[in-house]
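Taking it in order: structure first as structure tokens, then the write-up.
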Amino acid sequence: MSLPRDIWRLLNLPCEGMTELGSRAFDGPMGRAERLALKVHLLTCGPCRRFLRQVGELRVALKRFSSEDESGRDLTGPRLPDEIRERIRRSIRDR
Amino acid sequence: MSDSSDPELWVDRHGDGLYRYALSRLRSPEQAADAVQETFMEALRRRGTYEGRSSERTWLIGILRHKVIDQLRRACRDRQDERAREPGETEASFFDRKGHWRLAPTRWVRSPADGIENGEFWEALNRCLSRLPEGIASAFLLRELDGLEASQVQEILGITPENLWKRMHRARILLRRCLEINWFGEAKVSDQVRTQNPGQLARKGPD
């Protein structure tokens, strides 16, 4: 299919499809038609613009979160059940 | 490993953190507990190879990550039918039938950057991540938090690229919405301003 026809087809995507395209852009390179169609849609669509900007900000926070994960700082949430804790302690001692 | 690191202390120091890591990705308490136990046992065997270049927690999480991925691989072989299921078909729809916004994103009155130093923000993020539906959560966490390549995630979960994009999109929609309700949104912030410390939260200008 030709580039203009691809862009035309993509330009008819509603916000659901456009935010999916935008989301995909976070995960890897996109084709030229997709990139152009998304750009044009975002020029005129405030909610999609806002969605992608907020999701982008969240990704930055998530990067921090994953390093917190390994920092040893424990957040509240489910705890390792006591019987499992005891089971693991026993297996460590028995080795 | 240094002398101060007695394996019996690992369970107290890292048990909960490792368990939460595994549970968020596997969702089954039994599988998560097994993965944590296997991690400690393997760490014990490999104790001599730990060089102290990374923190003890990072080293243990590195072992656990492989255990979790193995479990996810096995689970995907055992549940072939899950592959075909469209993720998120039961969630409330954010778009109408024509694909236009039904529940459009609202303005955030604070940004994630404002929350970085705030424990409450991490709690909210943690809660929202744990509410993601199972198949969506494992794809999203492996990709966004563990930093695996898209092709690796597809292979581990036995899904097509198209399916992975759909799951990532769904995860972003759900996570964004959950945090809007629990942290960023106008309703949440004005709630806190009323009940906690008025004047402390700087309001951002309109966007």
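The values are calculated or read from the model by the stated rules, or taken from the named source; none is laboratory data. Remember, predicted model here, so these are calculated numbers, not experimental data. When we count neighbours, we look across all protein chains shown, and the Cβ atoms used for this are built from the backbone with ideal geometry, even at glycine. With ligands, DNA and RNA removed, areas are computed over all heavy atoms of the protein, side chains included. Shrake-Rupley method; radii C 1.70, N 1.55, O 1.52, S 1.80 Å.
The figures follow:
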{"item": "Relative contact order (%) - criterion: Cα under 8 Å, at least six apart; region: chain A", "result": "26"}
{"item": "At least 20 Å² of accessible area lost relative to the chain alone, listed for segment B:100-114 with a 1.4 Å probe", "result": "B:HIS100, B:TRP101, B:PRO105, B:TRP108, B:PRO112"}
{"item": "With every protein chain in place, segment B:9-81: carbon and sulfur % of accessible area (1.4 Å)", "result": "46"}
{"item": "Rounded Å value of the spacing that divides the Cα centres of segment A:1-32 and segment B:14-73", "result": "39"}
{"item": "Accessible area that becomes buried as A packs against B, both chains, 1.4 Å probe, Å², nearest 100", "result": "5300"}
{"item": "1.4 Å probe accessible area per residue over segment A:3-72, in Å²", "result": "52"}
{"item": "Carbon/sulfur fraction of accessible area - chain A, other protein chains in place, 1.4 Å, %", "result": "55"}
{"item": "Threshold 30 Å², segment B:12-32 residues less accessible with all protein chains present than alone (1.4 Å probe)", "result": "B:ASP12, B:ASP16, B:TYR19, B:ARG20"}
{"item": "Highest to lowest packing among B:12-19, B:101-108, A:37-44, scored as the average C-beta count within 10 Å", "result": "B:12-19, B:101-108, A:37-44"}
{"item": "Heavy-atom accessible area, 1.4 Å probe, ligands and nucleic acids excluded: residues of segment B:55-71 down by at least 40 Å² from chain alone", "result": "B:ARG57"}
